[in-house]
Structures are given as C-alpha cells and as structure tokens.
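Every number here is computed from the coordinates shown, using simple stated rules; none is lab data. The shown structure was predicted, so the numbers you read here are calculated from the model rather than taken from an experiment. Virtual Cβ from ideal backbone geometry, glycine too; neighbours counted across all protein chains shown.
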Amino acid sequence: FCIGLTGTTVADAVKALLPSATVVSINGALGSVYDMSRKVAGALGDRVDAKGGDISTATGILTIGSNFPDAIGVSALACARGWPIILTDVAGGIPPVPLHPSAAGTFSDLGITTAIKAGTYAELPAGVTGLSNFSGADRYYTNANAALWAQTYAGLTFTHTALTTGDKFPDALAGGPYVAQDGGMLLLSPTNGPLPAPIGALISANRAAVEHFT
C-alpha cells in the first residue's frame, strides 16, 4: 500500500522494484485526511473479509484528524486488535460536536456498532455504542488513559513497553505496529523530556511486568 502519496511517481518506483507485487495507492479526495481515513479503514475491512472475518464486529477508534498525538497514542491498541482509527474534525470542540461526514461514512460502510473516542466529543451515529472516551488534560494524560483501558479491557500488557515522542508524528507513527506485534504499550513523552507525570506513574505502577523497553 502507498498511503497518502499523491501522483504516480512513488507508486511507479515501487512497482519497478517489486514487479511481482500488487501495489495499491490510497489517497483522500482533494488531499482530505478524513476521506483518507475512510479509505484506509475500508482497505482494512477488505483484508479482514478476505480472511473470513467480519469488520462489523470490530470497535472503531474515533479521534481528531488535526491532533496527531491522540491517534498515535491509540495506534498500538488499534493494530493489536485490528480496529480502524477513524478521523473526525474539531468542529467547534464544544459538545455536542457533529461527526465529520467521512467518519460517519466509515461507520456506515463497515457496519461498526461500537466505538471508543480518543480526545474528541464528536457525536456517534445512531446505533453506534460508545465504550469509553480517553480524553485527558493533555496528550500524555489521554495516552495514559488509553493505556489503562487497553490493559483492563483489550488484553494489552506492559511486557513490551515502548516510549516515543509526542512532539513529532513521523517518528512515533512506526512505533504502534511495532509494539502491537507483542500486544504491548506505546507511551508518549516530549522529545527532550521531562517524562510526563502520568506516563512516569504508569511505568512505575507496572514495572514488575516490563520485560522489554524500547
């Protein structure tokens, strides 16, 4: 998959390097991250269906498309459980917040009926049950709340714990799928410190479980 790489230059280069591979480009209409999110979720649904699964039984994770730390903070959970991350916008920020049309379309396309919110108070579509909202005082509290929920309800553990920057999304983005392979936790910190209080407390409380720290 070539995701968000507009034009054909990169995709053509990949095809030249991997002539026997199927190369798929996924781009949002007019560069929209929200439409991109919908298409990526659709591609995930196609892969699940191809394996005999049912994406409608998954839980969608709804978060803000313009605030990357919250999405990064739930990426290990999403990857470990095969749950799509669905992006919406702020739209005023004061509840009730309307759901972005692309996000609403994702729920409809995939038939998802349960959702978690990470840092957003957007209204869920009719028929979609909210399970939790990880919102906190800042990105680090939100991340810590997400990790606690993942530990309690989703089977993730601190056996493999990874710490990544909450300041720059490219560095952090690769960490979610990496630590998810072990069902582990991805935690955020400022690039140059100090370690945020909620993240330090979480590591300290679970230090007996940590066997590998990245």
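The table for this structure:
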{"item": "Relative contact order (%) - the range 78-193, alpha-carbon pairs under 8 angstrom, separation at least six", "result": "20 percent"}
{"item": "Ratio Rg/Rh [Cα only; Rh per Kirkwood] for the range 40-83", "result": "1.01"}
{"item": "Packing rank of 165-177, 132-144, where each peptide gets the mean count of other beta carbons within 10 Å, highest leading", "result": "132-144, 165-177"}
{"item": "Length gained when the stretch LEU5-LEU195 is fully extended (0.36 nm per residue, less Cα-Cα span)", "result": "65.0 nm"}
{"item": "Length added when fully stretched, ASP109-ILE26, from 0.36 nm per residue minus Cα-Cα", "result": "28.2 nm"}
{"item": "Cα-based shape type of the range 78-213, given that a ≥ b ≥ c are square roots of the gyration tensor eigenvalues and the cut on a/c is 1.5", "result": "prolate"}
{"item": "Paramagnetic reach from SER56 (point 7 Å along Cα→Cβ, amide N under 19 Å) across the range 112-142", "result": "112-116, 125-130"}
{"item": "Value of [θ]222 nm, deg cm²/dmol, for the chain, DSSP H segments ≥ 4, -39500 (n - 2.57) each, nearest 500", "result": "-11500 deg cm²/dmol"}
{"item": "Net +/- balance of residues flanking GLY111 in space, Cβ distance below 13 Å, scoring K and R +1, D and E -1", "result": "-3"}
{"item": "Built amide H within the under 5 Å cut-off of ASN133, gap 5+", "result": "LYS117"}
{"item": "The chain: relative contact order as a whole-number percent, Cα under 8 Å and 6+ apart", "result": "18 percent"}
{"item": "Whole-percent pair-distance distribution, where bins are 10 Å wide, for the alpha carbons of the range 1-147", "result": "12, 39, 33, 13, 3, 0"}
{"item": "The range 7-91 shape via C-alpha gyration tensor axes, a/c threshold 1.5", "result": "oblate"}
{"item": "Cα gyration tensor shape for the range 62-109, rounded if a/c is under 1.5, else prolate or oblate", "result": "oblate"}
{"item": "Gyration tensor (Cα) of the range 119-193, equivalent ellipsoid semi-axes in angstrom", "result": "23, 16, 11"}
